[in-house]
Amino acid sequence: MTSPQSSKSRQCERSHCGPPRHVAIIMDGNNRWARARGMAGVRGHRAGVDAVRAVIRRAAERGIETLTLFAFSSENWKRPAGEVNALMELFLMALKREVKKLHEHDIRLSVIGAREGFSASIQRYIARAEHLTRDNRGLHLVIAANYGGRWDIAQAARRLAERIETGELQASDIDEHAIGREMTLADEPPVDLCIRTSGEQRLSNFLLWQLAYAELHFSPLLWPDFDGDALDQAIDDFCQRQRRFGMTDEQVEAQGA
């Protein structure tokens with residue numbers, strides 16, 4: 001009997017483009033999900049953890065190489081102190097409880113962002129999680145935490161400027177490839193598909209450099225309601241698109257012939 005995953009894979013192979021290697025998700029709508037049920041916002045964030053588990057599981061089943069989740073933006077510090085504290089507790093709890101399960105399933109975990117903004121305890125558990133899973137060869141799960149796309153670009157520019165100061169580079173050496181090599185996720189496949197939940201249609205300072213040619217999928221579902229089937233729908237939508245990368249339809253079709 002054919003599995004749903006193998007059937008989905010064949011559908012992608014027959015479509016305009018192959019299945020995505022790298023999927024990035026802006027997980028949005030936890031607070032609205034909780035408010036709609038008369039709950040405190042933190043209940044929505046807790047429910048969102050279940051959605052994270054479901055999406056990781058389906059991404060691994062679908063053979064996605066890299067899954068990047070936007071967990072906490074550099075702007076999220078502006079939220080009420082009680083909510084921020086609850087989010088930090090959830091993050092620490094996930095690092096303590098979930099990493100062993102990821103390791104058992106051969107999933108590698110990385111965290112991108114300005115981790116010095118977190119408590120010493122969170123930084124310590126991030127380092128432990130990355131060390132434990134560093135040799136795993138399955139799905140690469142990337143958590144963007146205290147991350148901003150503008151921060152990412154600024155960090156890359158700073159590193160290049162430092163190399164110019166030491167004489168290692170000349171200003172004429174700086175081009176988009178040089179910048180790209182300094183960005184986070186430089187060693188990962190380009191982002192093919194970016195999903196945002198909750199019906200919002202903006203990037204919110206997420207992977208601004210890396211999303212230059214990504215396909216965008218906006219789901220009306222609030223994040224706690226987003227599951228493996230919803231991820232399948234987003235991938236199916238992606239697989240029906242023709243990715244031209246500046247070329248004409250005829251040129252793309254000729255390449256695939």
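Could you tell me the accessible area of D106 in Å² (1.4 Å probe, neighbours in place), rounded to the nearest ten?
60 Å²
Amide H neighbours of I112 under 5 Å, counting only residues 5+ apart in sequence or on other chains, H built in-plane at 1.01 Å?
So I112 has HN proximity to I143, A144, A145.
Could you tell me whether region 116-257 comes out rounded, prolate or oblate from its Cα gyration tensor? Rule is a ≥ b ≥ c as square roots of the eigenvalues, rounded for a/c under 1.5, then prolate if a/b exceeds b/c, otherwise oblate.
Oblate, since a/c reaches 1.5 and b/c is not below a/b.
Where a ≥ b ≥ c are the square roots of the eigenvalues of the C-alpha gyration tensor, would you call region 21-137 rounded, which needs a/c under 1.5, or, failing that, prolate if a/b is larger than b/c, or oblate?
Details: a/c = 1.90, a/b = 1.31, b/c = 1.45.
Judged from the Cα gyration tensor, region 21-137 comes out oblate (a/c at least 1.5, b/c at or above a/b).
Just the accessible area for L208, please: 1.4 Å probe, Å², rounded to the nearest 10?
The value for L208 is about 70 Å².
Rank R243, R43 by accessible area, highest first, at a 1.4 Å probe radius? Before the final figure, lay out the partial values.
Working: R243 35, R43 115 Å².
Sorted by accessible area, descending: R43, R243.
If one computes P(r) from the Cα atoms of the chain, what percent of pairs lie at distances over 25 Å?
For the chain, the share of Cα pairs beyond 25 Å comes to 48 percent.
The values are calculated or read from the model by the stated rules, or taken from the named source; none is laboratory data. Quick caveat, the model's predicted, so the values are computed rather than measured. SASA here: full protein model, heavy atoms, side chains in, ligands and nucleic acids out. Shrake-Rupley method; radii C 1.70, N 1.55, O 1.52, S 1.80 Å.
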